[in-house]
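Structure, as structure tokens:
The values are calculated or read from the model by the stated rules, or taken from the named source; none is laboratory data. Keep in mind the model is a prediction, meaning the values are calculated, not measured. Positions of Cβ are generated from backbone atoms using ideal geometry, with glycine treated the same way; all protein chains shown enter the neighbour counts.
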Amino acid sequence: MSDRSLPIEPADGPERVLVRQWLEQVVVGLNLCPFARGPWTRGEIRVVVCRATDNTGILDFLAVELRQLADRPRREVETTVIILAAALPDFLDYNDFLELAEERLCAEGWEGVFQLASFHPAYRFADTEPDDPGNLTNRAPYPLLHLLREESVSEAVDATPDPDEIPRRNIARMEGLTQAERQALFPWLSATGPGR
């Protein structure tokens, strides 16, 4: 299938450039997701921009991307990252939206085939303070919906000696960053930065 049939924006668009930089430097560079390096290196991570401004538009975009991912073999597209460039800047609104996204995924018949991972500029785990360094593990330049293949996740988990240790290791890695390192890796985490 030719990429011309897929709704891809120019590779040098500002949102895609910033998210790809985050993927390379933070997710892969800090090894936050040990399963990401291979697909990233092989060019199998699809990054697309959704410019919808309301939940209905985002959910429709999500449905199209789920179908696109299903139609592509893993060796071409392992996973898809959807950038929500014009919606859900508030984390609580985004968090509420995730339930709708999960419902849409199930309604489209993809339960057990795909799963969603979530990232947001203001991501905050339950029972943490806003400035808790551990929150950085899920902070991205924009609100994101990450579409993962269940098959790939199962294979990766089975191949990892202690997958439950990954979140603890990631939090420790973020806690160990100096202020200068945080500013270099997360330059957009300011009141005026993208996605805020």
Condition first: under 15 Å from the mean Cα position of the chain (by Cα) and more than 29 Å from P163 (Cα to Cα). Now tell me which residues in the range 32-57 satisfy that. V49, C50
Take residues that are within 23 Å of V81 (Cα to Cα) and either touching a residue at least 60 places away in the same chain (Cβ under 8 Å) or within 17 Å of the chain's Cα centre (by Cα) (or both) and tell me which of the helices (runs of 4 or more DSSP H) falling wholly in the range 127-196 contain 2 or more. 150-158, 165-175
Conditions (1) assigned to a loop (DSSP other than H, G, I, E, B); (2) at negative phi -> V47 fails only (1)
Going by what's in this entry, would R104 be described as closer than 23 Å to T178 by Cα and either without any contact (Cβ under 8 Å) to a residue 60 or more places away in the chain or surrounded by fewer than 17 Cβ atoms within 10 Å (Cβ to Cβ) (or both)? no
Just a yes or no: is a residue in the range 83-101 under 16 Å from R149 (Cβ atoms) and surrounded by 13 or more Cβ atoms within 10 Å (Cβ to Cβ)? no
Which members of the range 114-125 meet the condition of being of a type in the set (G, A, S) and closer than 29 Å to E151 by Cβ? A117, S118
Name the single residue that is surrounded by the fewest Cβ atoms within 10 Å (Cβ to Cβ) among those in the range 60-77 being under 16 Å from V47 (Cβ atoms) and charged (D, E, K, R). E76
When you check T160 against the structure, is it surrounded by fewer than 16 Cβ atoms within 10 Å (Cβ to Cβ), closer than 24 Å to E111 by Cα and not small (G, A, S), yes or no? yes
Consider A140 carefully, then state whether it is of a type outside the set (F, W, Y) and farther than 15 Å from V27 by Cα. no
Testing D12 on (1) of a type outside the set (F, W, Y); (2) under 24 Å from A159 (Cα atoms); (3) modelled with pLDDT under 95, one condition comes back false. Which one is that? (2)
Kindly indicate whether Y142 is at pLDDT 95 or above, out of contact with any strand residue (DSSP E or B) (no Cβ under 6 Å at 6 or more places or on another chain) and either surrounded by fewer than 12 Cβ atoms within 10 Å (Cβ to Cβ) or not acidic (D, E) (or both). no
